[in-house]
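The values are calculated or read from the model by the stated rules, or taken from the named source; none is laboratory data. A quick note: this is a predicted structure, and the numbers were derived from the prediction, not measured. Here the Cβ is made from the backbone with ideal geometry for all residues, glycine too, and neighbour counts use every protein chain on show.
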Amino acid sequence: MKHKLIVKMMTTAALLSACAFPAYGAPTSLKDISNSYAKDAILELVDKGIINGKGNGTFDPTGKIHRQDFAIILAKALSLDVSSVPPSPTFSDIPATHYSYTFVEAAAKAGLIKGQGNGEFGFGENLSRQDMAVLFIRALGVDASGKAAELGNLNFNDAASISNYAKDAVAAAIELQLINGRTDGSFNPAGSADRQSVALVTSRFLKAKEELPQTPDPAPKPGNPTPPPSTEKPVPPPSTNNNSGGGVPTAPSNPGTPSQSDTTPPTVTMVSTSPVMTDLHVVVKSSESGTVYLVPASQTANTKAQLESLVAQKLANKATVISANAETAIATTHLAVGDYKVYAVDSAGNVSAATSTIVLQARVMEQPTLYFSDQRTLVFAYNENLNPLFVPAVEDFSVYTEDGILKFPKAIERVRIIENKVEVTLAETLPLGRSVKAAFNPLDSGASVRSLTGKISPVVGPASVTYLPDNVKEMLDDLIEEATTLMESAEIGNTLGKYPQHAVESLNGAIQFASSAAENPDATPQSLAEGYNGLSSFMGVFRSLQVKPLTVSLAQDASFVLNPKIQGTHTVISGYTSVDDTYNKRSIQKLIQVKRDGSNAQIDYQYNQGKLEMNILQDNEVVGHIEIESSDPSLVQVSGESPNGITVKPIFGAQENSTASLRFKIIESGKETGSVELPVTFDFTPPTVTQATYDSSQGTFTLMSNELVYSYSDTIPLSILVDYSGNNDFSSNSIDIFPLILEEDFMYNIINDRSGISISLTPKGVAKLSTQLPGGTFRLTINGMSDLAMNWQMRIVHVPAR
């Protein structure tokens, strides 16, 4: 394979063969490279003038290489002409005054570097390992197209991280032994190349260049023709009547006769016999040079474009036919198992008929060993190292417990491949001694687990797996010690970070139970596991019982109204639960809701006038406090002038469209653990009667309001007058107005849910109207029907007496 790459470098070799490096004296003494793995390469390149030290006798082998400095190395290694520069810089970030300008321009002119596509070179950026491979392969003139798939040598555990543009170059660089992977099995494609690694690869690059053929190969012996290199194409001879062109006979040209286009498709025959294993090649013969394509038998192609599309979709592979009737091997890398056929395409684009079907089969690895490496990691261990590019999906695995015919799946968090193992990480910890059933059945056979040699994994299970390590006694002893430390460090109480008394007592009991199992000389591994599981489970419960921060939210239907037009009034927010909310008295429990760990806490409140805060009490212990702030003190003022609670006053001048809010903050252990804002509504509008009805069978009136109804004695209390007119005349001159007397003829009250007012005629009132009804109209005069903000206005309502 290396020979093939070297053959493809012949064009570059011709260019480089004349390169002569300048001779220098003994290399400068560098005092910091004695322990560098690239010491010899560094000294060689310093001696050749390709790289230099950094002054003061140092080289800095682990320092990073910037892109512009690597361009200098390339230009010097290839002896590029740095004297001819363009009239203006090619890259905006490498001006003509920069020390690397002539070298960067020379490398760009040679087509070795192309910048970043935005007019910039990438000055000051570190050179990555994968870009180093791309640039060196480009400098050698190697055609690396398709090398990653053809060579199949990207067997690193991070191969998936190699950028698509660099994969073929990395594969070619590895084949030419320019660059290697790391000792941990990775390639680290995006990692920065350091000075010593660049020196080593540059030295190898120079050796690869020197190995290129300097003279033509000897003439082939009769009867043993040598096919032309795959990168060379036959050049048609000049249009003369003489035969020339290196022994390739051609017909004399005839200017009067136009050349005929090639419309004859090639023929292709299968050399390999079915089945072919996926780690081998399918071998065919084509009657013409060109390209052969191994495609699924279910696909039909009539054009080269269709075949190339299948290759691009990774459904098919292709190979170059060097000469007619030569055996050509097509790689099967990445192809799914199944039936395939081969098409041949000649240089004119003619497509052959398909070959007979050949079956592609994968070699199968032995059944893996299943075990748990810890309480969450299930391992499928194979007898071969696995290809890290083929990582199965989570859905390809099933892990579950059984209870009779019922199955309880275990959630899988991730799947990864490490060397010869597939590690399946469960989302939850598995108890010791608990058996599960595990199975592997890939949904996509093309993505199945496979070895580095191409063998695929068989279907696995369901198989029973139990995690019961040999050191279960030691694990139990360690857990008992951990639980004891946890209990002894736990502080009992209701405040943040402490533990309830009952939780500490229960943990102590769990420790004693586990200790009895650990100290039992007849204990079995299973009984020790049960002791471990029980204590581990309760430790989780205990930790969950640690007192969590209090949280605060708005109470259901919470609102807060203020009326700046009523001077001298204010609202007091108190902690009493029995308060019937009015404008002057609001219970904090109807404004906010305090919870502990998402549950309603048994909370009491106590006003602390000295600190202008509301203490939060739980089991008669102060566990925190609430502070109330105004978002805009120019509209709403919060003070402690009342001994009964926190006073909230509106500032005169606020309008109904003014915006403000009250912020309730919870403070625990000196820290704010939560807050919530309650918007303040400025209300100047009195309520109105939306509906008035009279029920003659009950003798009751019902008046519904658009707001909740209140009666305030410190403004004007609710009062109602009831008049009756048989002829509906309530004018000042009417003699048909019959007034009813309060308490004697009627009574009134606010409906319990404050949705309106109810007026009831007394038996005496009904008797007075008995001669008048039915017919006529009632007039209801209402004063003092207020809303929560103490707004009211006299209302007169007429109700038919039906």
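Miscellaneous remarks
- Residue match in the stretch 155-178 (condition: farther than 30 Å from residue 308 by Cα and outside the structural domain of residue 320 (by TED's automatic domain parsing)): yes
- For the residues 326, 312, 316, the requirement of being farther than 30 Å from residue 432 by Cα and touching a residue at least 60 places away in the same chain (Cβ under 8 Å) singles out 326.
- Consider the stretch 417-450 and keep the residues that are small (Gly, Ala, Ser) and modelled with pLDDT of 85 or more. The one that is nearest to residue 337 (Cα to Cα) is 439.
- Residue satisfying all of: in the stretch 397-416; of a type in the set (D, E, K, R) and within 17 Å of residue 464 (Cα to Cα); modelled with the highest pLDDT among these: 410
- Residue tally, condition in a loop (DSSP other than H, G, I, E, B) and over 26 Å from the mean Cα position of the chain (by Cα), over the stretch 431-451: 5
- Top-ranked residue of the stretch 477-486 - restricted to ones that are within 37 Å of the chain's Cα centre (by Cα) and in contact (Cβ under 8 Å) with a residue 24 or more places away in the chain, ranked as nearest to residue 376 (Cα to Cα): 479
- Condition check for residue 506: closer than 26 Å to residue 371 by Cα and not charged (D, E, K, R): no
- Unmet requirement for residue 758, which otherwise passes all of (1) in contact with a strand residue (DSSP E or B) (Cβ under 9 Å, 6 or more places away or on another chain); (2) crowded, with 18+ Cβ neighbours inside 10 Å; (3) not basic (Lys, Arg): (2)
- Taking the stretch 688-703 as the range and being at pLDDT 95 or above and assigned to a loop (DSSP other than H, G, I, E, B) as the test, only 688 passes.
- Search result, residues across the stretch 585-615 that are in a helix (DSSP H, G or I) and surrounded by fewer than 16 Cβ atoms within 10 Å (Cβ to Cβ): 609, 610, 611
- In the stretch 272-307, the qualifying residues are those that are of a type outside the set (Asp, Glu) and either outside the structural domain of residue 339 (by TED's automatic domain parsing) or in contact with a Gly (Cβ under 7 Å, 6 or more places away or on another chain) (or both), and the one that is farthest from residue 360 (Cα to Cα) is 304.
- Just one of (1) of a type in the set (Ser, Thr, Tyr); (2) within 33 Å of the chain's Cα centre (by Cα); (3) closer than 24 Å to residue 48 by Cβ fails for residue 100. It is (2).
- Qualifying residues in the stretch 162-194 (those that are among the acidic types (Asp, Glu) and surrounded by 15 or more Cβ atoms within 10 Å (Cβ to Cβ)) - the one nearest to residue 66 (Cα to Cα): 194
- Restricting attention to the stretch 704-736, the residues being assigned to a loop (DSSP other than H, G, I, E, B), under 60 Å from the mean Cα position of the chain (by Cα) and aliphatic (A, V, I, L, M) number 2.
- Conditions (1) in contact with a helix residue (DSSP H, G or I) (Cβ under 8 Å, 6 or more places away or on another chain); (2) farther than 28 Å from residue 626 by Cα; (3) in contact (Cβ under 8 Å) with a residue 60 or more places away in the chain: number failed by residue 558: (2)
- Some residue of the stretch 737-757 being in a loop (DSSP other than H, G, I, E, B), charged (D, E, K, R) and under 60 Å from the mean Cα position of the chain (by Cα): yes
Table: residues versus (1) touching a residue at least 24 places away in the same chain (Cβ under 8 Å); (2) touching a strand residue (DSSP E or B) at 6+ places or on another chain (Cβ under 8 Å); (3) on the phi > 0 side of the Ramachandran plot.
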position: 460; (1), (2), (3): yes, yes, no
position: 474; (1), (2), (3): no, no, no
position: 488; (1), (2), (3): no, no, no
position: 498; (1), (2), (3): yes, yes, no
position: 513; (1), (2), (3): no, no, no
position: 520; (1), (2), (3): no, no, no
position: 525; (1), (2), (3): yes, no, no
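- Residue in the stretch 243-266 that is farthest from residue 453 (Cα to Cα), counting only those that are loosely packed, with under 14 Cβ neighbours inside 10 Å and modelled with pLDDT of 50 or more: 260
- Selection within the stretch 758-776 - within 15 Å of residue 694 (Cα to Cα), of a type outside the set (A, V, I, L, M) and not in a loop (DSSP other than H, G, I, E, B): 758, 760, 765
- Neighbours by Cβ (under 7 Å, 6+ apart or cross-chain): first from the stretch 781-802, surrounded by fewer than 18 Cβ atoms within 10 Å (Cβ to Cβ); second at pLDDT 90 or above and among the basic types (Lys, Arg): 796/779; 798/779
- Filtering the stretch 283-299 for residues that are surrounded by fewer than 17 Cβ atoms within 10 Å (Cβ to Cβ), among the hydrophobic types (A, V, I, L, M, F, W, C) and in a loop (DSSP other than H, G, I, E, B) leaves a non-empty set.
- The residues of the stretch 40-54 that are modelled with pLDDT under 85 and closer than 22 Å to residue 123 by Cα, listed by number, are 52, 53, 54.
- Against the list (1) in contact with a helix residue (DSSP H, G or I) (Cβ under 9 Å, 6 or more places away or on another chain); (2) more than 30 Å from residue 551 (Cα to Cα), the condition residue 512 fails is (1).
- Contacts under 9 angstrom Cβ, first residue in the stretch 396-423 being surrounded by 11 or more Cβ atoms within 10 Å (Cβ to Cβ), partner among the acidic types (Asp, Glu) and part of a strand (DSSP E or B), 6 or more apart: 414/423; 415/423; 416/423; 417/423
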